[in-house]
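Scroll down for the structure; my scribbles are underneath it.
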Amino acid sequence: MKAAAKNRWIGFEKGNKELVLRKVEDAKDELQAQLKMLENGEVCVEGVHDLKRRKLVTKEKSIWYSLQKGPEFVTKRKILATDVTREHLKSGDWKDLEFKDYNYGAHGQPIAIGYVHSLLEVREAIQNILLEMGFSEMPTNMFVESSFWNFDALFQPQQHPARDSHDTFFLRAPATTTQLPDDYLEKVKQVHQSGGYGSKGYGYDWKRDEAEKNLLRTHTTAVSTRMLYKLAQEKPFAPKRYYSIDRVFRNEAVDRTHLAEFHHIEGLICDYGLTLGDLIGVLEDFFSRLGMSKLRFKPAYNPYTEPSMEVFSYHEGLKKWVEIGNSGMFRPEMLLPMGLPEGVNVIAWGLSLERPTMILYGIDNIRDLFGPKVDFNLIKNSPICRLGL
Ligand code: PHE
């Protein structure tokens, strides 16, 4: 009835929708004709929309392909020759061989060469930065150190938890060292026991046995300490900038971010009248050359530095502040017993080599980078390292 009304075949009396009025003499039903056309497979364009709306027809889509044999049609694939072999030459069938086209765009075989480990790449880049900043390298060839140079000379008390075998690897053989400078050792003992140089000391009974214990160095600050002691013996005093990058060892539970063996980068400046401002300045200079120019400093504690600061950098990729190093000014209790002149300060900082390497290369598991489970593909495929902006 709706369609009939739309076609104006019928109408309704005003005010009375019940009464249907005939409007035409003869109604021509096009709908029927259209449906008939469709049924006969003829194409009917007009009015289809209307038919669809009234759910009298539905739309279906069919795709036909027409296939023909091409010029190279075969039922068995022909294998094209890529090489003339000895057999081809012997049988003489090389004359009839059909060769595969040469592909000039193909990649060559990867060449089996050595690859520089990512840690070495970053180490070299950092080394170059430190050299540019006027630092010279300290000799780091002693993995085995005595507790004396690793802890005592750094004013680290003998009961300190880091000196526990849970944190440090001690040596069984040779378990102890016999080579310690006696005069200096005596001064270190005094400053631990009763202080001096304006310090109260720790007030405990310092034991030489404890200082003689051999260990795998837990930080390269042991190297810095030896160098500062050596420097203190040279008269007159000359200011120095030293750095080192080498292996350290800790008795750690191994996980995604910790290994028992890793690398430390350490820098120090030794001169008259240095301040915390100098340390902040040098850290900003150093880290900005590594491409980290947004830094924050947080007060921290080390037995051998006062004040001490942890260094944080804003990581643009991770969108957060990450800890990148530790720093401070060596305490007078450490420097004065060595014989460095009054008024000489040492500003120093340390960080691991693994941390910035993992950040730079986006590696989230330290075991892929270093150690027995190292991922060779990661090393083969890692791009050349360029630090800075
Ligand atoms: N030795 C510190 C460490 O193990 C690093 C450090 C070096 C801190 C020098 C202060 C000064 O992380």
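None of the figures in this text is laboratory data; all of them are computed from the coordinates on show. Note that the structure is predicted; figures quoted are calculated from it, not measured. Glycine gets a Cβ as well: all are built from the backbone with ideal geometry, and neighbour counts include every protein chain shown.
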With point charges of +1 on the Cβ of Lys and Arg and -1 on the Cβ of Asp and Glu, referenced to the Cα centre of segment 291-364, which listed residue (I359, M334, A300) lies farthest in the positive direction of the dipole? I359
Tell me whether segment 130-178 comes out rounded, prolate or oblate; compute the Cα gyration tensor, take square roots of the eigenvalues as a ≥ b ≥ c, and use a/c under 1.5 as the rounded threshold. prolate
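Tell me whether segment 212-254 comes out rounded, prolate or oblate; compute the Cα gyration tensor, take square roots of the eigenvalues as a ≥ b ≥ c, and use a/c under 1.5 as the rounded threshold.
Note, shape of segment 212-254 comes out oblate.
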Hey, got a sec? Which GluC sites (Glu not before Pro) in segment 196-255 land in a DSSP loop and have at most 14 other Cβ atoms within 10 Å? E234, E252
L120-S199 pseudo-label distance in nm [points 7 Å out on the Cα-to-Cβ vector]: 4.0 nm
Normalise the Cα radius of gyration of segment 235-389 by 2.2 N^0.38 Å (N = residues in it) and let me know the number. 1.16
Test of the criteria: in segment 166-258, which trypsin sites (Lys or Arg not before Pro) are in a DSSP loop and have at most 13 other Cβ atoms within 10 angstrom of their Cβ? R172, K200, K207, R256
Max mean-square fluctuation residue, GNM over the chain, Cα-Cα springs under 10 Å, options P71, P299, P341: P71
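When the chain is fully extended, how far beyond the present Cα-Cα distance does L21 get from D167, taking 0.36 nm per residue of separation?
The L21-D167 span can extend by a further 42.2 nm.
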With the cut-off at 19 Å, report for segment 82-196 the share of all Cα pairs above it, as a whole percent. 74 percent
Segment 1-44: proportion of alpha-carbon pairs further apart than 14 angstrom, %: 58 percent
Percent of C-alpha pairs per 10 Å bin, segment 305-358, short to long: 22, 38, 23, 14, 3
The chain - Kirkwood radius from inverse mean 1/r over Cα pairs (Å): 28.6 Å
Quick check: residue separation of Y65 and V322 times 0.36 nm, minus the Cα distance between them. What number comes out in nm? 86.4 nm
CD proxy, 222 nm, the chain: helix-only mean residue ellipticity via -39,500 (n - 2.57) per DSSP H run with n ≥ 4, per residue, nearest 500, stands at -7500 deg cm²/dmol
Would you please name the GluC sites (Glu not before Pro) within segment 308-382 that are DSSP coil residues with at most 12 other C-beta atoms within 10 Å of their C-beta? E316, E342
Unsatisfied cross-links (Cα-Cα over 24 Å) in the set K213/K235; K200/K298; K240/K320; K187/K235: K213/K235; K200/K298; K240/K320
Label R86 and N103 with points 7 Å out from Cα along Cα→Cβ: what is the distance between them in nm? 2.8 nm
Measuring from its Cα centre, the chain shows a charge dipole (+1 at each Lys and Arg Cβ, -1 at each Asp and Glu Cβ) which, in debye to the nearest 20, is 2100 debye
Pairs from K17/K55; K28/K52; K2/K28; K294/K319 whose Cα-Cα separation, in the structure shown, is over 18 Å: K17/K55; K28/K52
Charge dipole of segment 1-148 about the Cα centre (unit charges at C-beta), most positive-ward option of L80, G108, V43: V43
Which lysines does K76 reach when only Cα atoms under 20 Å apart count, and residues fewer than 8 places away in its own chain are ignored? K100
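How big is the dipole moment of segment 256-385 about its Cα centre under a simple scheme where the beta carbon of each Lys and Arg is +1, that of each Asp and Glu is -1, and everything else is neutral? Debye, nearest 20, please.
Working: 12 positive and 16 negative charges, 120 e Å.
Approximately 580 debye in magnitude.
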Within a Cβ distance under 15 Å of F135, other residues only, what is the Lys/Arg minus Asp/Glu net charge? -4
V57/M133 FRET efficiency (R0 56 Å; Cβ-Cβ; nearest 0.05): 0.10
